[in-house]
Amino acid sequence: MIETHVTNQILHPVLRNTEWFQFLNISNGFVAPSFIFCAGAGLWIALSRKGTAYLGMGRELGVYLRRLSYILFWAYMMHVPFFSMEWLLSASSEQLVPWLMIDVLQTIVYSSLFTLAVFLIVRRLHATVWFLGSLSVIIMCCTLFVWQTQPLAYMPIPVAVAITPDISPFPLLPWSCYFFAGFFITHVFMLARNHQRLATWFLCGGVVLPCILFLLKAFVETPWDATWWSTSPQLALFRISGIVAVWGLLYLVESRLQSSTVGKLMQTIGTESLFLYLSHVIIVYGSLHELTRAVTGSYTVGYAGVATAFVMVTAPLVLIALWWHGIKKSKPVLARRFLAVQIAWMIISLMITPATFSMIEVLSK
C-alpha cells in the first residue's frame with residue numbers, strides 16, 4: 001500500500017504511459033481490495049470466537065464498537081478539508097462535501113457495522129455468512145447499473161457520496177463486496193476438513209480463474225465491457241482470485257514462516273496495519289511532494305526515486321510500529337492513555353487552529 005501511494009504521488013507523468021506502468025498499476029489494484037478483504041476475514045474470526053458474547057450485548061461488544069469508533073474518527077479526520085474549525089464554520093456546503101468522502105477505512109467500518117447488525121438480528125453466524133456471501137455477489141453484478149444512474153441527481157448528498165466514485169475513491173458500492181467476500185471465504189476455509197487441500201485449490205484456482213476471465217473479456221460481450229477495469233463482476237473476481245491465491249500460498253508455507261524472523265515481522269506489521277496506514281498516508285499525501293522537490297528539485301521522479309522514497313518512508317514507520325507494538329503488549333494501560341491523548345490533541349488542534357494557518361509557511365520561515 002505504501003508503494004502504491006508513493007508511486008501515485010510522485011512518479012513522473014511520462015512514465016505512466018509505459019507498458020511497465022500498466023502492469024504495475026494492475027498489481028497495485030490488489031492493495032485496497034486485499035486490505036478490505038482481510039478486514040472481513042478478521043471480523044469472521046472475531047465473531048467465531050466472541051459471537052456469543054456480542055449477542056449478550058456485554059463488555060466485549062462495547063470494546064469492539066469502541067475500536068470501530070476510533071477507526072472512524074481517524075477516517076474522517078484524514079479528510080478534513082481544512083484543519084481549522086474556524087474555516088469549517090464559514091465553509092460552503094460544496095467545500096464540505098469532501099469531508100463526507102468514503103475511503104477505505106469508512107468502507108471497512110460501515111461494512112463491519114452492517115455485518116454486526118445482521119449477526120445480531122439473525123443471531124447465527126452460519127446464516128450471516130450465507131447472507132453476506134450472497135450480498136457480495138449481488139453487489140458485484142449490480143454496481144455498474146447504480147453508477148450509471150448518476151445518483152447525485154436524485155439522492156441526498158450523504159447517500160450519493162457513499163456510492164459515487166466521482167466523489168469517493170472507495171465508495172461502499174462496490175468496495176464492500178470485498179469485505180463480504182472476505183467474511184464468506186474465511187468461513188469456508190476455517191470450517192474445511194482439509195485446509196492443506198483447500199489452500200492448494202485456492203492457489204491453483206487463483207491462477208486459473210484470471211485466465212478464464214480474460215478469455216471471456218476478449219471473446220464475450222457484456223454490459224460492462226466499457227467499464228471492465230473500473231467496475232464489473234469480472235474485475236471483482238479477478239482481484240478476489242489474486243487474494244485467495246496468495247492466501248493459499250501463505251498457508252502452504254505457513255509452517256516455515258511461523259518460526260522465521262520474516263514471518264514474525266509480517267505478523268507484527270499485520271497487527272499494526274492501522275498505524276502504518278494512517279501514518280504513511282499523512283506523510284505521503286501531506287508532505288512527500290514538498291520533500292521530493294526539496295531533495296531533487298522536482299515534484300516527480302523516476303522509478304529509482306520512487307523506490308528510494310518508498311524505503312525512506314517505510315523503514316522508519318516499520319521501526320516505530322514495532323516499538324508501538326511492544327508498548328501495547330508490555331504497557332497496555334499506557335497505550336490506551338496515549339490514544340486518548342492523541343484523540344484529544346487532534347480535537348483541540350482542530351478547535352484552536354486559525355483559518356489563516358499554513359504549515360508550509362511556518363516551515364519556510
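Only the coordinates and a few stated rules stand behind these numbers; no lab work does. Everything numeric in this text was worked out from a predicted model, so none of it was measured. Quick reminder, even Gly has a Cβ in these numbers, built from the backbone with ideal geometry, and neighbours come from all protein chains shown.
Counting other C-beta atoms within 10 Å, which of His12, His187, His280 has the fewest, and how do the rest follow?
Details: His12 14, His187 22, His280 19.
The order, fewest Cβ neighbours first, is His12, His280, His187.
Enter the per residue convex hull volume of region 227-365, computed from alpha-carbon coordinates, in Å³ rounded to the nearest integer.
Values: hull volume 30.0 nm³, N = 139.
For region 227-365, the hull spanned by Cα atoms encloses 216 Å³ per residue.
Would you kindly state how much longer the chain becomes between Val122 and Asn194 on full extension, computed as 0.36 nm times their sequence separation minus their alpha carbon distance, in nm to one decimal? List each step's numbers first, then the result.
Numbers: separation 72, 0.36 × 72 = 25.92 nm, distance 2.87 nm.
Result: 23.1 nm gained on full extension.
Explain nothing, just compute: Karplus ³J(HN,Hα) = 6.51 cos²θ - 1.76 cosθ + 1.60, θ = phi - 60°, for every residue of region 267-276 in order, whole Hz, x for Gly and Pro.
5, 5, 4, x, 5, 9, 4, 5, 4, 5
I want to check the label-to-label distance for Val318 and Leu215. Put each point 7 Å from Cα in the C-beta direction and report it in nm to one decimal.
With each label placed 7 Å out from Cα toward Cβ, I get 3.9 nm.
Here are labelled values, (1) 105, 54, 44; (2) 64, 53, 53; (3) 61, 39, 39, and one is the computed Cα extents along the principal axes in Å for what I pasted. Which one?
Among (1) 105, 54, 44; (2) 64, 53, 53; (3) 61, 39, 39, the one calculated here is (2).
Grab the Cα-Cα distance for Leu274 and Tyr76, subtract it from 0.36 nm times how many residues apart they are, and report the gain in nm with one decimal. Please list the in-between numbers first.
Numbers: separation 198, 0.36 × 198 = 71.28 nm, distance 1.42 nm.
Here the answer is 69.9 nm.
Suppose R0 equals 30 Å. What FRET efficiency, 1/(1 + (r/R0)^6) with r the Cβ-Cβ distance, do Ser92 and Ser230 give to the nearest 0.05? Don't skip to the answer; put the middle values down first.
Working: r = 30 Å, r/R0 = 0.98.
With R0 = 30 Å, the Cβ-Cβ based efficiency is 0.50.
In what order do Tyr178, Tyr251, Tyr299 fall by count of nearby beta-carbon atoms within 10 Å, going from fewest to most? Walk me through the intermediate numbers first.
Numbers: Tyr178 29, Tyr251 18, Tyr299 13.
In order of increasing Cβ crowding within 10 Å: Tyr299, Tyr251, Tyr178.
Kindly write out, for region 39-51 in residue order, the coupling ³J(HN,Hα) from the Karplus curve 6.51 cos²θ - 1.76 cosθ + 1.60 (θ = phi - 60°), rounded to whole Hz, with x marking Gly and Pro.
Those phi angles translate into 5, x, 4, x, 5, 4, 4, 4, 5, 5, 9, 10, x Hz.
Find how much the distance from Ala53 to Ile138 grows on full extension, using 0.36 nm per residue of separation minus their present alpha carbon separation; answer in nm with one decimal. Walk me through the intermediate numbers first.
Working: separation 85, 0.36 × 85 = 30.60 nm, distance 3.04 nm.
27.6 nm is the gain from fully extending Ala53 to Ile138.
Residues with amide H under 5 Å of Val301's amide H, sequence separation 5 or more or different chain, H placed in the peptide plane at 1.01 Å from N; which?
HN-HN under 5 Å from Val301: Leu11, His12.
Would you calculate, for the chain, the mean residue ellipticity at 222 nm contributed by helices, counting each DSSP H stretch of 4 or more residues as -39,500 (n - 2.57) and dividing by all residues, to the nearest 500? Intermediate results must be reported in sequence, preceding the final value.
Working: 19 runs with 281 residues, N = 365.
Helix-only estimate at 222 nm: -25000 deg cm²/dmol.
Can you compute 3J(HN,Hα) from phi for each residue in region 126-131, using the Karplus curve 6.51 cos²θ - 1.76 cosθ + 1.60 with θ = phi - 60°, rounded to whole Hz and x for Gly and Pro?
4, 5, 4, 4, 6, 5
Hey, with R₀ at 45 Å, roughly what FRET efficiency would Thr308 and Thr222 work out to, going by the Cβ-Cβ distance, to 0.05?
Working: r = 42 Å, r/R0 = 0.94.
Computed FRET efficiency for Thr308 and Thr222: 0.60.
Quickly work out the Val253-to-Ala294 label distance, labels modelled 7 Å from Cα along the C-beta direction, and quote it in nm with one decimal.
In this crude label model, Ala294 to Val253 measures out at 3.8 nm.
Taking the Cα centre of the chain as origin, work out the dipole magnitude from +1 charges on Lys and Arg Cβ and -1 charges on Asp and Glu Cβ, in debye rounded to 20. Intermediate values should be presented prior to the final figure.
Details: 21 positive and 13 negative charges, 321 e Å.
Around 1540 debye, computed over the chain.
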